[in-house]
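Chemist: Dropping a structure here in structure tokens format, bear with me for questions.
The values are calculated or read from the model by the stated rules, or taken from the named source; none is laboratory data. Remember, predicted model here, so these are calculated numbers, not experimental data. Note that we place each Cβ from the backbone using ideal geometry, even for glycine, and neighbour counts take in every protein chain shown.
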Amino acid sequence: MAKTDKRRQSYATDHLLNNLLNLKLKEISGDPEKMKGMNALVTELENLVRHYAKSITTSQLRNIYSVIKEMQEDEMANLVLLRPKLAYISARQQKKEAQEFTQFISDLISRVNSRDDFRNFKTVMEAIVAYHKLYNNQNN
């Protein structure tokens with residue numbers, strides 16, 4: 001990957017990380033400009049997942065997601081314990097793309113600091129799993 005492409009991808013990833021957990025869904029409803037911004041974020045997320053869809057298996061991602069889905073808000077400190085599991089997935093795949101994708105999820109986890117962040121994180125992970133399922137099954 002060219003250096004400028006790598007920088008552009010890094011910016012897009014940082015942009016996603018900085019904005020995905022900060023969505024205030026109640027404030028967005030009914031505001032066309034905010035809806036446009038939210039749609040752009042979801043499209044960026046879709047493109048990121050499409051790029052990394054083949055890097056980890058559906059079952060690996062579902063295993064992580066199932067733990068997240070079952071967590072309650074008072075257990076959100078346990079999210080940190082998923083970071084080593086993500087590192088293990090990355091190491092098992094032995095692919096640079098797997099490392100980058102799991103690092104993105106790990107970075108999302110590290111930015112969860114409140115109950116609102118936690119709720120948004122669960123929603124974002126649901127979207128990641130859905131897009132991963134779609135794009136991992138394509139071109140098989």
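Chemist: Those residues that are modelled with pLDDT of 85 or more and either surrounded by 15 or more Cβ atoms within 10 Å (Cβ to Cβ) or among the polar types (S, T, N, Q) (or both), I need them from segment 28-41; list them, please.
Modeler: 39, 41
Chemist: Related question: Quick one: in segment 6-27, of everything that is assigned to a helix (DSSP H, G or I) and surrounded by fewer than 12 Cβ atoms within 10 Å (Cβ to Cβ), which residue is modelled with the lowest pLDDT?
Modeler: Going through the qualifying residues, I end up with 7.
Chemist: Next question. Go through segment 47-62 and count every residue that is part of a helix (DSSP H, G or I) and more than 12 Å from the chain's Cα centre (by Cα).
Modeler: 5
Chemist: Hey, any hits in segment 78-88 for a residue that's of a type in the set (Gly, Ala, Ser), surrounded by 15 or more Cβ atoms within 10 Å (Cβ to Cβ) and modelled with pLDDT under 95?
Modeler: The answer is no; no qualifying residue exists.
Chemist: Go through the residues of segment 52-67 one by one and say whether even a single one is at pLDDT below 90 and of a type outside the set (Val, Ile, Thr).
Modeler: Narrowing segment 52-67 to residues at pLDDT below 90: none.
The answer is no; no qualifying residue exists.
Chemist: While we're looking at this one, here's another question. State yes or no: is residue 65 in a helix (DSSP H, G or I), of a type outside the set (Asp, Glu), out of contact with any strand residue (DSSP E or B) (no Cβ under 7 Å at 6 or more places or on another chain) and in contact (Cβ under 8 Å) with a residue 40 or more places away in the chain?
Modeler: Considered against the rule, which asks whether it is in a helix (DSSP H, G or I), of a type outside the set (Asp, Glu), out of contact with any strand residue (DSSP E or B) (no Cβ under 7 Å at 6 or more places or on another chain) and in contact (Cβ under 8 Å) with a residue 40 or more places away in the chain, residue 65 comes out as yes.
Chemist: Within the bounds of segment 29-42, is there any residue that is under 17 Å from residue 13 (Cα atoms), assigned to a helix (DSSP H, G or I), touching a residue at least 24 places away in the same chain (Cβ under 8 Å) and of a type in the set (A, V, I, L, M, F, W, C)? Can you show your working first?
Modeler: Taking segment 29-42 as the starting set, the residues that turn out to be under 17 Å from residue 13 (Cα atoms) are 37-42.
Still in the list and also assigned to a helix (DSSP H, G or I): 37-42.
If we keep only those that are touching a residue at least 24 places away in the same chain (Cβ under 8 Å) as well, we get 41-42.
Now narrow it down to the ones that are of a type in the set (A, V, I, L, M, F, W, C): 41-42.
For segment 29-42, residues under 17 Å from residue 13 (Cα atoms), assigned to a helix (DSSP H, G or I), touching a residue at least 24 places away in the same chain (Cβ under 8 Å) and of a type in the set (A, V, I, L, M, F, W, C): present.
Chemist: Answer yes if at least one residue in segment 49-62 is under 16 Å from residue 13 (Cα atoms), basic (Lys, Arg), loosely packed, with under 14 Cβ neighbours inside 10 Å and out of contact with any His (no Cβ under 6 Å at 6 or more places or on another chain), and no otherwise.
Modeler: No, segment 49-62 contains no residue that is under 16 Å from residue 13 (Cα atoms), basic (Lys, Arg), loosely packed, with under 14 Cβ neighbours inside 10 Å and out of contact with any His (no Cβ under 6 Å at 6 or more places or on another chain).
Chemist: Additional query: Across segment 93-116, which residue is nearest to the chain's Cα centre (by Cα) among those that are part of a helix (DSSP H, G or I) and at pLDDT below 90?
Modeler: Looking at the filtered set, the residue picked out is 116.
Chemist: Can I ask one more? Given (1) under 13 Å from the mean Cα position of the chain (by Cα); (2) touching a residue at least 24 places away in the same chain (Cβ under 8 Å); (3) part of a helix (DSSP H, G or I), where does residue 136 come up short, assuming only one miss?
Modeler: (1)
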